[in-house]
Every structure is written in structure tokens, then in C-alpha cells.
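K.L.:
Got a structure for you, written out below as C-alpha cells; questions coming shortly.
No value in this document is a laboratory result; all are computed from the given coordinates. Because the structure is a prediction, the values reported are computed rather than measured. In this analysis, Cβ positions are derived from the backbone assuming ideal geometry, glycine residues included, and neighbour counts consider all displayed protein chains.
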Amino acid sequence: MSKFWKVSIYNTYKEYGGPEEGGWYYTAGHAVKFLPRKFSSRQAALAYCKKISHRVDSATVKEFNIPNVRNSYSMFKTYIWFKGSGPKELPVPYYC
């Protein structure tokens, strides 16, 4: 079985988790595009993410044909994942 890395693009935004311990937020969102390209190493996948970052950063919701999020802080981000691990799941809670 061959091993490879994949890249996915997510529409991400911050959600308020609660007032405990001074308040906390988590990253929520959903995948908008799974890129078909495969990479033989994590470094190659990261280099590709860097190469396409300007296009991902400037993308709009119209380009991915998705509705606007009701949150004012919304952005597209790339995530890499290893074959077998599946794309990274969101939301990801964390304390500030």
C-alpha cells in the first residue's frame, strides 16, 4: 500500500465556546474542496500549500459556491492529511 499526503481547503471561522476561564473559542468549518493531487512527503504537501496560499487567502465564497457564514471572521485555510487518517475534522475546540 502506497503512502501519500493530501491537501484539502476548508472554510473556517471562530465560534464562541463559553465564558468559562475568561472565555474560549474554537475553529469550526467545513471542507469546500479536496484537491486530487497526491504528495510523497509532508514537506512536499506543505510546499504546495505555500505555493497556493495567495489564491486560497484571496478566495471568496462565490468561488467555492457556498453560502456566507453568519460569523464576521471567516477564512479559507489549507490542511494536509496523511492517507488513512482522513481529512482533519472541524470543529477543533481550544482555550484562549
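K.L.:
Placing unit charges on C-beta atoms (Lys and Arg positive, Asp and Glu negative, everything else neutral), compute the dipole magnitude of segment 5-84 about its Cα centre in debye, rounded to 20.
P.N.:
Result for segment 5-84 is approximately 640 debye, rounded to the nearest 20.
K.L.:
Here is a follow-up. Quick one, can you get me the convex hull of the C-alpha atoms of segment 5-84 expressed as volume per residue in Å³?
P.N.:
So the per-residue hull volume is 128 Å³.
K.L.:
Let me ask you something else. Measuring from label point to label point, each 7 Å out along Cα→Cβ, what is the H54 to F4 span in nm?
P.N.:
2.7
K.L.:
Go through segment 9-26 residue by residue and turn each phi into a ³J(HN,Hα) via Karplus (6.51, -1.76, 1.60, θ = phi - 60°); whole Hz please, and just put x for glycine and proline.
P.N.:
Values per residue, Gly and Pro as x: 10, 10, 8, 10, 7, 8, 10, 7, x, x, x, 4, 6, x, x, 8, 10, 9 Hz.
K.L.:
Ranked highest first by the average count of other Cβ atoms within 10 Å around their residues, in what order do 56-66, 3-13 fall?
P.N.:
Put in order of decreasing packing, that is 3-13, 56-66.
K.L.:
Could I ask something else about it? Here are some pairs, K3/K77; K3/K51; K6/K51; K62/K83; K14/K83; which of them have Cα atoms lying more than 19 Å apart in this structure?
P.N.:
Checking Cα-Cα distances, K3/K77; K3/K51; K62/K83; K14/K83 exceed 19 Å.
K.L.:
Projected onto the charge dipole of segment 1-70 (+1 at Lys/Arg Cβ, -1 at Asp/Glu Cβ, origin at the Cα centre), which of Y25, S58, S41 gives the Cα projection farthest towards the positive end?
P.N.:
S41
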